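Only the coordinates and a few stated rules stand behind these numbers; no lab work does. Computed from a prediction, not measured in an experiment: that's the story for all the values here. No Cβ is skipped: glycine too gets one built from the backbone with ideal geometry, and neighbour counts run over all protein chains shown.
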Amino acid sequence: MSDELTVGGLHPDARVGEAFENRQGCCWPSLVRCIQVLAPAEAGDEKLWLSDDDDVRDAEQCLTLADRLDGLLEDGSVADYVAGRNAYFSERPRPECSTCDGTGVRRRRQMDEPSEEPGVLTREQREIPHSAEQVCFTCNGLGTVEHQRYRDLYVSDIREFSEFLRHAGGFYVWVFESAVNSERFREKWG
C-alpha cells in the first residue's frame, strides 16, 4: 500500500493498544496475509483489513483473534509460515532497476533531470563529462533493486500485533489518502 495507513485502538486500556506501530516497520499486507492464512475464521473479511470503510473489530473479536494468534505462536505455526514466506521471497529474482534499465549505470537523462528529493544531487552538482560513466544512484550499480513491498515478516510482528489486540478494545484501519478525500473526513476536519 502506498497510502499512509494507521491501525488504531478504539478503547485502549494501555499505550500498546493505542495504535499498531511495529518497531521493525512491518509491512501491513504481509501481516494480514499471514493472519488470513493461519486464522481464516477469526480474520474475517479482507475488506476490513485493507480499507477504511467504517468497519471496525470490536473488543471481543480482538481478544478472540489474539487468543488464536497466541496459540499459533505457541504451536510453531507462525514460525513455519514466516520461514516459508521469507524463503519464497528471498529466492525470487530481484526486479530490474527502472532508473538505469538494469545496466547499473546512470543514463544521461538521470543526470539532466532536476530532483527535489533530499539527498539527491542537483543538476549542477552532478555535471560530468559525457564520456564518464556514473553508477546508478537507485540500485548502486547492481542493476536490480530490492522487492519494496515484501520485506521480511518476523514472528515478533505477529506477537506484537496480538499484544496490540489484547489492549486495543477494538480497532479500525485508517488509510490517510482515502480518508482526506472522504465525506466523513471533510465533515470532521473541514
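Between the alpha-carbon centers of the range 155-171 and the range 39-102, tell me the distance in whole angstrom.
Rounded to whole Å, the Cα centres lie 13 Å apart.
Ranked highest first by the average count of other Cβ atoms within 10 Å around their residues, in what order do 67-73, 93-99 fall? Intermediate results must be reported in sequence, preceding the final value.
Numbers: 67-73: 18.0, 93-99: 13.0.
For the peptides 67-73, 93-99, the packing ranking is 67-73, 93-99.
For the residues C27, C62, what sequence is obtained by ranking on other C-beta atoms within 10 Å, fewest first?
Details: C27 18, C62 24.
In order of increasing Cβ crowding within 10 Å: C27, C62.
What nm distance separates the two modelled labels at R159 and E46, each placed 7 Å from Cα along Cα→Cβ?
Placing both labels 7 Å along Cα→Cβ, they lie 3.0 nm apart.
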